[in-house]
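The values are calculated or read from the model by the stated rules, or taken from the named source; none is laboratory data. What you are looking at is a predicted structure, and each value in this text was computed from that prediction instead of being measured. Note: ideal-geometry Cβ built from the backbone for every residue, glycine included; neighbour counts use all protein chains shown.
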Amino acid sequence: MRRKHWGGSRRSAFQLSEKRLARILLLLAHFGKESRAETVHPRINQENLAQRVGITRSRVSHFMNKFKKFGFVDYNGGLTAHSGLLSVVLHD
């Protein structure tokens, strides 16, 4: 029973990290002025994002791949955040 509780806490921490990363990306993209895709700071890399969010670079990579799979971000010549990323932040 104790193990199950620990797994639940781990899942919750995982979701909070994902939300923090999404929020950072939206802030860096100055998202919210208009409902369109916005370019994130061109010199940002996964190591910088990891430091800002407080997670490892491998976790950032995992979340970024997930965001890309769902169409929330693109990597074409720079990092672009799409409006769907906001749903990650707002999801309970």
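Within the stretch 1-39, which residues are modelled with pLDDT under 60, assigned to a helix (DSSP H, G or I) and not basic (Lys, Arg)?
Once the filter is applied, which keeps residues that are modelled with pLDDT under 60, assigned to a helix (DSSP H, G or I) and not basic (Lys, Arg), the stretch 1-39 yields HIS5, TRP6, GLY7, GLY8, SER9.
Out of the stretch 46-92, which residues are of a type in the set (Ser, Thr, Tyr) and surrounded by fewer than 12 Cβ atoms within 10 Å (Cβ to Cβ)?
SER58, TYR75, SER87 - these are the residues of the stretch 46-92 that are of a type in the set (Ser, Thr, Tyr) and surrounded by fewer than 12 Cβ atoms within 10 Å (Cβ to Cβ).
Got a sec? Which of GLY78, GLY71 is farther than 19 Å from GLN15 by Cβ, of a type in the set (Gly, Ala, Ser) and touching a strand residue (DSSP E or B) at 6+ places or on another chain (Cβ under 8 Å)?
GLY78 is the lone residue from the list that is farther than 19 Å from GLN15 by Cβ, of a type in the set (Gly, Ala, Ser) and touching a strand residue (DSSP E or B) at 6+ places or on another chain (Cβ under 8 Å).
Residue by residue, here is whether (1) in a helix (DSSP H, G or I); (2) more than 17 Å from SER17 (Cα to Cα); (3) aliphatic (A, V, I, L, M) holds:
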residue: HIS41; (1), (2), (3): no, yes, no
residue: ILE44; (1), (2), (3): no, yes, yes
residue: GLU47; (1), (2), (3): yes, no, no
residue: ILE55; (1), (2), (3): no, no, yes
residue: SER61; (1), (2), (3): yes, no, no
residue: MET64; (1), (2), (3): yes, no, yes
residue: GLY77; (1), (2), (3): no, yes, no
residue: SER83; (1), (2), (3): no, yes, no
residue: LEU86; (1), (2), (3): yes, no, yes
